[in-house]
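Take a look at the structure below.
The values are calculated or read from the model by the stated rules, or taken from the named source; none is laboratory data. A quick note: this is a predicted structure, and the numbers were derived from the prediction, not measured. All Cβ positions, even for glycine, are placed from backbone atoms using ideal geometry, and neighbour counts span all protein chains on display. SASA here: full protein model, heavy atoms, side chains in, ligands and nucleic acids out. Shrake-Rupley method; radii C 1.70, N 1.55, O 1.52, S 1.80 Å.
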Amino acid sequence: MNNLRILLYMMLLSLAACHPEGTSVKQGLDKAAQLMEQDPDTASIILETIQSSQMNEAQLAEYNLLCTQLNEDKNIPHSSDKQIRQAASYYEKNGDEYQKSKAYYYLACVESDLEQKEDAEIHFKEAIKLAKETEEYDHLAKICKRCSLYYQKYGNFDEALEMERKAYASQLMLNDNKSDSSVILSSALGMFGVMSLLLGLLWQKNRHALSQLDLFKEEILKKDVESDKLMLQCNHLEEKYQSLQLHIYESSPVVSKVRQFKERNVLSSKIPSFSEKDWTELLRLQENVYGLVSKLKEISPKLTEEDLRVCAFLREGVQPAYFADLMKLTTETLTRRISRIKTEKLMLANSKESLEDIVKSLGASPL
């Protein structure tokens, strides 16, 4: 069936070739654009039949944009930016906001594949800016999702998460635009007015008022269902956020460096490097992901910066013997300090758990 459909399209294009050249090219481009989403293979064949020598500048720009879109949608790595740069240059001067946004978007995709990092980021942002003006929310969501992958590629997970949030918000706007449900009343006063009206109708015409009240209840139920769906979507986004935060933590070079202390030889005279910047980053990560610093200070505001650093290493399971020299202390002195943190500052002298177990329980799960 698919082969038959392709054959029919080819016959139509062959017939179109009998007309003036401009008409044939236009029909081919229109048909390829129409089929791009649901039947990319047929769209690809149609584009291959079009002779670039027959095109004017506008048609060539559309042709180059469609070819680039086809490769992107089929996950074919881009090896050259020649085609998309011609399209982007044309639409930059002659296109509307939607056409410019598409051109910048696919230009950014190509630049990302070609490792043109800074140019890709600039054009992704420009495509998003223009897409917002068009209110084409499906297009905007598509750009944000692809931009998130771009940021993940270079390890910029905070920016990637922000793009996922924008994509999610765009999808909600798209769903909202497609909905035919009535607008929710914007204030409690408006809601009270509707209820008063319904009660007045109930007093005057009992049957009619009951009917209106039932309709109102149905609307409330519909909104409750929509609210539940939105809550599920928010929960899903929260889970995704937590997963990304954990990924950031686990892939952090500072955390990897801390865990290397567990593998070092206790008798080694060489102390692994750990700068003030590393300490700051470690505490920041443990606070952002687990809330560890604020939880400890809530129990005891007396904890010093040095105390927090000790707890940070214990959170990763590093024993005193392996990082005592980093703290410029002997193992025995560090062990006594750990005991004092537990008994005198955290006031947990009666607890049978070690300070390491206590710290791990406080940071057992992400915020």
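Data table
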read-out	value
Extended-chain gain in nm, criterion 0.36 nm per residue less alpha-carbon gap, ILE271 and ASP224	10.9 nm
Above-threshold pairs, the threshold being 31 Å between Cα atoms, out of LYS93/LYS117; LYS26/LYS100; LYS117/LYS297; LYS153/LYS342; LYS31/LYS240; LYS93/LYS142	LYS117/LYS297; LYS153/LYS342; LYS31/LYS240
Accessible-area ranking of GLU356, GLU218, GLU48, GLU126, largest first, probe 1.4 Å	GLU48, GLU218, GLU126, GLU356
Cross-link reach list, lysines versus LYS270, counting only Cα pairs under 25 Å and skipping chain neighbours closer than eight places	LYS257, LYS262, LYS328
Per-residue HN-Hα couplings for region 45-53 [Karplus 6.51, -1.76, 1.60; θ = phi - 60°; Hz; x = Gly/Pro]	5, 4, 4, 5, 7, 7, 8, 5, 5
Charge dipole (debye, nearest 20) of region 90-143; +1 at Cβ of Lys and Arg, -1 at Cβ of Asp and Glu	80
Euclidean distance between Cα centres, region 88-153 to region 323-340, Å	54
Heavy-atom surface of region 23-134, accessible at 1.4 Å and reported per residue (Å²)	50
Spatially proximal lysines relative to LYS222 (Cα-Cα < 18 Å; intrachain offsets below 8 disregarded)	LYS178
Solvent-accessible ranking of HIS236, HIS139, largest area first, probe 1.4 Å	HIS236, HIS139
Accessible heavy-atom area order of LYS222, LYS74, highest first, probe of 1.4 Å	LYS222, LYS74
Vicinal HN-Hα couplings computed from phi for region 124-137 (Karplus, 6.51 cos²θ - 1.76 cosθ + 1.60; Hz; Gly/Pro x)	4, 5, 5, 5, 5, 4, 5, 5, 4, 5, 7, 6, 8, 5
Mean Cα-pair separation over length for region 23-134, i.e. relative contact order, pairs under 8 Å, 6 or more apart, %	20
Neighbour net charge for CYS109 - beta-carbon separation under 9 angstrom, K R +1, D E -1	-2
